């Protein structure tokens, strides 16, 4: 076991818990900065410090004696209803983390940003780490706050404090203990037969949360000072994602494939359901636009400099499904949310039937027009 102390902010969250598990597996000495405790952390050998990233004094106490700080704490929100809180935690909180690191003599800071902090100004090209981050080029408080925080961290690098920033894409994998991942929620519903749909549009880049954890540790050990690294996996269409999930579960792919126009029509119901579940909506106008953007993120730099090796989508989904099936506590928490999804899925199926009827109607109308045109053409030729 290493005697060097690592502090993790946000160790109770999805990425944070995966990082804590990886640090524990390596025998690292840890202190977790937590706003509240969690029973999931009882199995982890670590020191717990109750505090908040928005409180500089608490951070200074938490970072005392630390050699490395992994700053993972943050708010992921695309609903637009928590913008002030998002900025306070994601940006102001990160500024506090940097200040506390410098005051406490921390040697290395690894900040967990997001690919959402990267401005995508192309359609087909490969997306790599930019030279700078400009929140004005982005949409939404989450992306803007992450970009601003990223630039602040990079500008804070000096001879006394090495800083690295990592940019995960959409995380999947085990350890979603708090049921905060919308993707994880959908996976759970699919396992219960309550998400029998796929989409005929959009896609994203999915990465295993365990690979992100390993990438963060490698960034601390091998990353360059003032450098950022995209920790992505592989780009897949949403239909490919759902079909791979079906294959992993031994099921047939969903028969219902929704068009973009249908999803847009269902947005009010979808947002109401996620509001009931107290989860950020997995689909809204913003996320639909994101699904249609270029998601071809390159992790070449991380592979070259950090030895980063992302696993395949199929492998990640296999482990996620196994973890969900074996984690009874998480399943009990999710069961309370099924009825809202059930209602939404019934509305989806009704809308799909409506779409098929409309398509049949239009098809008959086209056939009638073609038949009429054919008869008119024959009349003209007879004359």
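The values are calculated or read from the model by the stated rules, or taken from the named source; none is laboratory data. Since the model is a prediction, treat every value here as computed from it, not as a measurement. Here Cβ is always computed from backbone atoms with ideal geometry, including for glycine, and neighbour counts include all displayed protein chains.
Quick check, is residue 138 touching a residue at least 12 places away in the same chain (Cβ under 8 Å) and crowded, with 24+ Cβ neighbours inside 10 Å? In short, no. Checking every residue in region 248-258 against the condition of being in contact (Cβ under 8 Å) with a residue 12 or more places away in the chain, surrounded by 18 or more Cβ atoms within 10 Å (Cβ to Cβ), closer than 21 Å to residue 326 by Cβ and in contact with a strand residue (DSSP E or B) (Cβ under 8 Å, 6 or more places away or on another chain) gives zero matches. Among the residues examined, residue 188 does not qualify as under 13 Å from residue 316 (Cβ atoms), crowded, with 23+ Cβ neighbours inside 10 Å and either more than 20 Å from the chain's Cα centre (by Cα) or in contact (Cβ under 8 Å) with a residue 60 or more places away in the chain (or both). Scan region 137-182 residue by residue and report those that are within 18 Å of residue 313 (Cα to Cα) and outside any strand (DSSP E or B). Answer for region 137-182, where residues must be within 18 Å of residue 313 (Cα to Cα) and outside any strand (DSSP E or B): 169, 173, 174, 175, 176, 181, 182.
When residue 221 is tested against (1) in contact (Cβ under 8 Å) with a residue 40 or more places away in the chain; (2) surrounded by fewer than 18 Cβ atoms within 10 Å (Cβ to Cβ); (3) out of contact with any strand residue (DSSP E or B) (no Cβ under 6 Å at 6 or more places or on another chain), just one condition goes unmet, and that condition is (1). For region 36-59, a residue qualifies if it is more than 24 Å from the chain's Cα centre (by Cα), surrounded by fewer than 14 Cβ atoms within 10 Å (Cβ to Cβ) and farther than 22 Å from residue 25 by Cβ, and the qualifying residues are 50, 57. When region 312-330 is filtered for residues that are exposed (fewer than 15 other Cβ atoms within 10 Å of the Cβ) and modelled with pLDDT under 70, the ones remaining, listed by number, are 328, 329. Applying the set (1) touching a helix residue (DSSP H, G or I) at 6+ places or on another chain (Cβ under 8 Å); (2) buried (at least 17 other Cβ atoms within 10 Å of the Cβ) to residue 13 leaves exactly one unmet item: (1). Run down 159, 200 and say which single residue is free of Cβ contacts under 8 Å to residues at least 12 places away in the same chain and more than 23 Å from residue 308 (Cβ to Cβ). It is 159.
The requirement of being closer than 30 Å to residue 156 by Cβ, surrounded by fewer than 18 Cβ atoms within 10 Å (Cβ to Cβ), touching a helix residue (DSSP H, G or I) at 6+ places or on another chain (Cβ under 9 Å) and in contact (Cβ under 8 Å) with a residue 24 or more places away in the chain is not satisfied by residue 233. Restricting attention to region 85-118, the residues being assigned to a helix (DSSP H, G or I) and either at pLDDT below 95 or farther than 20 Å from residue 136 by Cβ (or both) number 12. The residues on offer are 76, 20, 8, and the sole one that is modelled with pLDDT of 95 or more, within 25 Å of residue 133 (Cα to Cα) and in contact with a helix residue (DSSP H, G or I) (Cβ under 9 Å, 6 or more places away or on another chain) is 8. Residues that are crowded, with 17+ Cβ neighbours inside 10 Å, within 17 Å of residue 6 (Cα to Cα) and either under 26 Å from the mean Cα position of the chain (by Cα) or without any contact (Cβ under 8 Å) to a residue 40 or more places away in the chain (or both) within region 60-80 comprise 68, 69, 70, 71, 72, 73, listed in sequence order.
Remark: residue 244 falls outside the filter, which requires a residue to be touching a residue at least 40 places away in the same chain (Cβ under 8 Å), in contact with a helix residue (DSSP H, G or I) (Cβ under 7 Å, 6 or more places away or on another chain) and surrounded by 24 or more Cβ atoms within 10 Å (Cβ to Cβ).
Within the bounds of region 29-39, is there any residue that is assigned to a helix (DSSP H, G or I) and modelled with pLDDT under 95? Yes, because at least one residue in region 29-39 is assigned to a helix (DSSP H, G or I) and modelled with pLDDT under 95.
Among the residues of region 15-38, those identified as touching a residue at least 60 places away in the same chain (Cβ under 8 Å) and out of contact with any strand residue (DSSP E or B) (no Cβ under 7 Å at 6 or more places or on another chain) are 17, 18, 21, 22, 26, 38.
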